[in-house]
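A.B. asks: Have a look at this one.
The values are calculated or read from the model by the stated rules, or taken from the named source; none is laboratory data. All figures in this text were calculated on a predicted structure; none of them were measured in a lab. As a convention, Cβ positions derive from the backbone with ideal geometry for all residues, glycine included, and neighbour counts pool all protein chains shown.
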Amino acid sequence: MEYFIEQALSYTECLNKIRMKYGDKVTILSHKTVRIGGFLGLFTKEGVELTGFSSNPYGKGLSDLNISGTPPPSTDPPLPKPAPEANPVIHNTVKKPANFEEEKKKVLAVATQQEPPAHDPTLQQVLSEVRNLKERIDATTIKNDEHSTLKRIKDTLILNDFSLSYRQIILDRVKKEFSLDALNNYDMVQDKVLEWIGQSIALYQEEEFQKRPRILVLVGPTGVGKTTTIAKLAAIYGIGNSMRRPVAVRMITIDAFRIGAKAQLEAYSKIMGLPVSYVEDYDDLKKTIAVYSEEADMLLIDTIGKSPRDSAQLGEMKQLLDACGPSAEVHLTMAASTKSSDIKEILRQFEPFAYRSVVITKLDETVHIGNIISALFEQRKSISYITDGQKVPNNIQSATVVRFLINLEGFHVNRTRIENMFPHNEANQIQWK
Ligand SMILES: Nc1nc2c(ncn2[C@@H]2O[C@H](COP(=O)(O)OP(=O)(O)OP(=O)(O)O)[C@@H](O)[C@H]2O)c(=O)[nH]1
Ligand SMILES: [Mg+2]
């Protein structure tokens with residue numbers, strides 16, 4: 001008798017694999033759904049794992065036994081029973097060993113968990129293995145589907161709009177890292193889950209002023225808050241605050257045609273006393289940057305909102321922005337309330353701008369930020385700034401992990417703990433204080 005655990009993408013494929021390896025006389029003890037393949041837990045596929053043993057070659061009919069009593073999935077054909085003997089005469093000529101009936105009884109005893117003769121150490125060992133296997137399978141099954149902590153964590157992740165694949169990664173990790181006993185401590189598990197979510201949030205490392213002037217460009221879909229964010233950044237860097245001395249800031253916009261767009265930035269420029277320029281094309285932008293480079297530490301460039309579906313317009317704007325040169329920091333601006341299905345599309349369509357990071361705006365308009373966290377994690381994008389209101393310049397700050405974690409719904413957040421776990425560098429923080 002030989003035990004096996006095999007995996008494949010479907011029940012049938014797994015069964016065929018087992019038959020190839022162990023022949024037809026196999027008994028399936030259990031089956032379960034598992035994640036197969038992938039890289040670092042990502043891109044795994046759903047598959048099937050079958051556990052069982054190949055039976056004694058003399059034990060005709062053993063393959064009909066199903067110790068665990070677990071039925072195969074309804075979509076897959078059940079393990080077929082052996083075909084009726086085409087030629088019983090030939091079958092009957094196969095010579096059985098002298099002790100065939102005795103051996104068969106022993107194996108059946110193991111399979112049905114009756115006690116085998118106490119003096120038979122081999123069978124005692126086999127029995128103990130079968131029991132161990134069964135216990136492990138039972139434990140896994142309970143962990144997989146039943147435990148209330150897993151259900152609560154799953155529901156909380158759904159409540160926050162985390163994507164299916166992100167939820168799967170978290171839940172698989174909980175199953176892997178917590179024993180059945182430890183799962184009973186919900187608070188401990190949710191603390192760990194918060195920690196993992198925190199670790200999945202990548203923050204942009206501000207370049208500060210290694211190169212002068214620092215050129216920061218905001219691109220993104222229409223109406224997400226690019227111009228308002230440019231004004232907020234201009235105020236914090238240009239006027240300075242208790243934490244940061246002011247630097248020479250200039251604003252440039254390529255959004256000079258739309259009614260109201262020019263007036264919007266002009267109004268901020270007047271209030272803050274910071275110059276703004278309008279440019280129409282590549283040459284214009286190149287010249288303006290050259291002039292400002294003589295006098296400014298930082299150039300903030302506002303762009304026209306573009307639909308991610310309009311590739312032609314995006315292409316034109318990309319050509320124009322090439323005038324900023326390769327050292328310009330392009331940031332994609334995206335509203336926290338963006339629909340999950342749109343987030344990926346936006347991240348992808350703006351990829352030609354080689355944006356370095358993402359500014360999340362309108363955090364005040366939603367409590368469901370799992371979709372943003374999942375998508376940025378899956379696309380390996382970092383977050384630079386977050387904005388959470390219309391007030392200029394108050395409602396902006398550098399992104400911190402803590403800010404995202406305290407925004408999550410349904411988790412009990414121990415702020416001191418997460419602040420210790422994810423400290424942020426005060427010196428690099430921008431915030432209106
Ligand atoms: N609630 C909230 N509203 C914001 C935030 N940032 C900007 N807004 C508002 O969003 C609206 C659009 O802001 P804009 O800055 O004009 O957006 P934009 O991306 O420049 O828009 P286009 O140039 O038309 O593409 C305005 O009413 C802003 O006051 C924010 O963080 N929270
Ligand atoms: Mg604008």
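A.B. asks: Looking only at region 384-427, count how many residues are farther than 17 Å from SER200 by Cβ, surrounded by 15 or more Cβ atoms within 10 Å (Cβ to Cβ) and within 16 Å of ligand 1 (Cβ to nearest atom).
C.D. replies: 11
A.B. asks: A follow-up question, please. Is region 306-314 home to any residue that is under 25 Å from GLU351 (Cα atoms), assigned to a loop (DSSP other than H, G, I, E, B), within 11 Å of ligand 1 (Cβ to nearest atom) and not basic (Lys, Arg)?
C.D. replies: Step one: list which residues in region 306-314 are under 25 Å from GLU351 (Cα atoms), which gives 306-314.
With the extra rule that they be assigned to a loop (DSSP other than H, G, I, E, B), the set shrinks to 306-310.
Then keep just the ones that are within 11 Å of ligand 1 (Cβ to nearest atom); that gives 306-307.
Still in the list and also not basic (Lys, Arg): 307.
Yes, that holds for at least one residue.
A.B. asks: I would also like to ask the following. Give the residue, chosen from LEU320, LEU299, LEU285, LEU274, that is away from ligand 1 (no atom under 13 Å from the Cβ), more than 23 Å from ARG356 (Cβ to Cβ) and either outside the structural domain of SER384 (by TED's automatic domain parsing) or buried (at least 16 other Cβ atoms within 10 Å of the Cβ) (or both).
C.D. replies: Of LEU320, LEU299, LEU285, LEU274, the one residue that is away from ligand 1 (no atom under 13 Å from the Cβ), more than 23 Å from ARG356 (Cβ to Cβ) and either outside the structural domain of SER384 (by TED's automatic domain parsing) or buried (at least 16 other Cβ atoms within 10 Å of the Cβ) (or both) is LEU274.
A.B. asks: Pull up region 311-341, narrow it to residues that are away from ligand 2 (no atom under 16 Å from the Cβ) and free of Cβ contacts under 8 Å to residues at least 24 places away in the same chain, then point me to the one that is farthest from the chain's Cα centre (by Cα).
C.D. replies: Checking each candidate, the answer is GLU316.
A.B. asks: Here's a follow-up. What are the pairs with Cβ atoms under 6 angstrom where one residue, in region 179-207, is in the same structural domain as ASN371 (by TED's automatic domain parsing) and the other, located anywhere, is loosely packed, with under 15 Cβ neighbours inside 10 Å and modelled with pLDDT under 95? Sequence gap at least six, or different chains.
C.D. replies: So the pair list comes out as GLU206/ASN428.
A.B. asks: While we're on this one: Identify all residues within region 283-310 that are among the hydroxyl-bearing types (Ser, Thr, Tyr) and away from ligand 2 (no atom under 16 Å from the Cβ); write none if there are none.
C.D. replies: Correct list: THR288, TYR292, SER293.
A.B. asks: Next up: Select, from LYS192, LYS211, the only residue that is farther than 15 Å from LEU274 by Cβ, exposed (fewer than 14 other Cβ atoms within 10 Å of the Cβ) and away from ligand 2 (no atom under 12 Å from the Cβ).
C.D. replies: LYS211
A.B. asks: A further question follows. Name every residue in region 233-260 that is aliphatic (A, V, I, L, M) and under 20 Å from ILE396 (Cβ atoms), in order of residue number.
C.D. replies: The answer is LEU233, ALA234, ALA235, ILE236, ILE239, MET243, VAL247, ALA248, VAL249, MET251, ILE252.
A.B. asks: Sticking with this structure for a sec: Restricting the first residue to region 219-233 and requiring it to be in the same structural domain as VAL249 (by TED's automatic domain parsing) and closer than 15 Å to SER337 by Cα, which pairs with a second residue that is in a helix (DSSP H, G or I) and within 6 Å of ligand 1 (Cβ to nearest atom) meet a Cβ separation below 8 Å and a spacing of at least six or different chains?
C.D. replies: Going by the 8 Å Cβ cut-off, the qualifying pairs are GLY220/LYS226.
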